[in-house]
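Undergrad: After the structure tokens below, expect a handful of questions from me.
The values are calculated or read from the model by the stated rules, or taken from the named source; none is laboratory data. Quantities reported herein were computed from a predicted structural model and do not represent experimental measurements. Methodologically, a virtual Cβ is constructed for each residue, glycine included, from the backbone with ideal geometry; neighbour enumeration extends over all protein chains shown. Just the protein is used for accessible areas: all its heavy atoms, side chains included, with ligands, DNA and RNA removed. Shrake-Rupley method; radii C 1.70, N 1.55, O 1.52, S 1.80 Å.
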Amino acid sequence: SRWHWIRHGRLLFERYVDDQGMPDLIHVHSLLNAGVLALELHLKHGIPYIVTEHSTFFARGLVSTDEMALACEVAIQANRRFAVSLPFCDLLINQLSNEVGQWEPMPNIVNQAFLDQPYQQHTYKNQSLRFLTIALLTKTKATTNLVQAFAQRFAGQGEIILEIGGDGPELPHLEKMVEDLGIQSQVHFLGELTRLEVIGAMAAANVFVLPSHHETFGVVVIEALALGKPVIATCCGGPESIIESG
């Protein structure tokens, strides 16, 4: 639970102070949980804190009225408030109290391992095309929509492939859906991938696709772009601040 997590956080803070002394600043990456602890430490010790919010819970309507009030209190007391995309800043401004103050965009970063890869110019031989998506396979990632769209447009075109990386509760449903649509030979499930395997899968793909219902940013989008891949993404909160429609 949240309060169990916060009790554990208090113990970690005390251990840190014993080892390093009192910190000058706390940076938390969530209004709830970590933010609540930061507020408590601020009120008790006078330590300033800043917040960077990442969670899709706000866009998905999963924050209760009590939690929203708590998030507002944390945000009001923060010295600076950041969210990982401009649309997400706008959403937080609309959902939280007018007393909260300004939200500033601070995009996520791409791991250097993606930037270190040599750029590869792909050619499309014999109309071959490989689409790739990588995600935690949950309903909010809308991978079922991607499979349905792929089947409608490319079923029976064996030279066009869809690869799905990741694992999650939607995997059995996706596998059955692929079988029912008769596209088993064109859809490949890659399973859970390490970062090195993600780089390899993206490097081998022609196009990366992000079909999510909600994203506050979309790190996989900047990873694909770092490898020089064109990206197709839904307007789901984060990608529209990274890529332009075309």
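Undergrad: Accessible area of residue 64, 1.4 Å probe, to the nearest 10 Å²?
TA: 50
Undergrad: Using the charge dipole of segment 1-142 (Lys, Arg: +1 at Cβ; Asp, Glu: -1 at Cβ; taken about the Cα centre), state which of 84, 6, 111 has its Cα farthest towards the positive end.
TA: It is 111.
Undergrad: With a 10 Å radius around each residue's Cβ, average the other Cβ atoms per peptide and rank 28-36, 4-12, 215-223, highest first.
TA: Values: 28-36: 20.9, 4-12: 11.9, 215-223: 23.2.
Final packing ranking: 215-223, 28-36, 4-12.
Undergrad: Can you tell which of 169, 202, 138 lies farthest toward the positive end of the dipole of the chain, using +1 and -1 charges on the Cβ of basic and acidic side chains (Lys, Arg; Asp, Glu)?
TA: Highest projection toward the positive end goes to 202.
Undergrad: At 0.36 nm per residue, minus the direct Cα-Cα distance, what do residue 128 and residue 196 gain on full extension? Give it in nm, one decimal, please. Each step should come with its number before you reach the end.
TA: Details: separation 68, 0.36 × 68 = 24.48 nm, distance 2.46 nm.
Extra length available between residue 128 and residue 196 comes to 22.0 nm.
Undergrad: Between beta-carbons, use under 15 Å as the cut-off and find the net charge around residue 164, counting Lys and Arg +1, Asp and Glu -1. Before the final figure, lay out each step's value.
TA: On the way: positive: 130, 139, 141, 176; negative: 163, 167, 170, 175, 179, 192, 197.
It works out to a net charge of -3.
Undergrad: May I pose another question? By the gyration tensor of its Cα atoms, with a ≥ b ≥ c the square roots of the eigenvalues, what is the shape of segment 41-189: rounded for a/c under 1.5, prolate for a/b over b/c, or oblate? Before the final figure, lay out each step's value.
TA: Numbers: a/c = 3.28, a/b = 2.07, b/c = 1.59.
The shape class here is prolate.
Undergrad: So, one more: Once the piece of chain linking residue 25 and residue 148 is laid out straight, how much longer is it, given 0.36 nm per residue of separation minus the C-alpha distance between them? Walk me through the intermediate numbers first.
TA: Numbers: separation 123, 0.36 × 123 = 44.28 nm, distance 4.81 nm.
Once the chain is fully extended between residue 25 and residue 148, it gains 39.5 nm.
Undergrad: Counting only protein heavy atoms and a 1.4 Å probe, tell me what percentage of segment 135-217's accessible area is made up of carbon and sulfur. It would help to have the intermediate numbers written out before the result.
TA: Values: 2080 of 3920 Å².
Of all accessible area on segment 135-217, carbon and sulfur atoms account for 53 percent.
Undergrad: With charges only on Cβ, +1 for K and R and -1 for D and E, what is the dipole size of the chain about its Cα centre, in debye, rounded to 20?
TA: Values: 16 positive and 26 negative charges, 39 e Å.
My answer is approximately 180 debye.
Undergrad: Still on this model: Take the alpha carbon gyration tensor of segment 124-246, find the square roots of its eigenvalues, order them as a ≥ b ≥ c, and report rounded if a/c is under 1.5; if not, report prolate when a/b exceeds b/c, else oblate. It would help to have the intermediate numbers written out before the result.
TA: Values: a/c = 1.43, a/b = 1.20, b/c = 1.20.
Judged from the Cα gyration tensor, segment 124-246 comes out rounded (a/c under 1.5).
Undergrad: In nm, what is the difference between 0.36 nm times the number of residues separating residue 7 and residue 113 and their Cα-Cα distance? Please report the intermediate quantities before stating the final value.
TA: Details: separation 106, 0.36 × 106 = 38.16 nm, distance 3.59 nm.
My answer for the length gained is 34.6 nm.
Undergrad: With r as the distance between the Cβ atoms of residue 235 and residue 155 and R0 = 35 Å, compute the FRET efficiency 1/(1 + (r/R0)^6) and round to 0.05. Spell out each step's value before the answer.
TA: On the way: r = 26 Å, r/R0 = 0.74.
With a Förster radius of 35 Å, E is 0.85.
Undergrad: Testing the spin-label approximation: label points 7 Å from Cα along Cα→Cβ at residue 15 and residue 76. State their distance in nm.
TA: So the two model labels end up 3.4 nm from each other.
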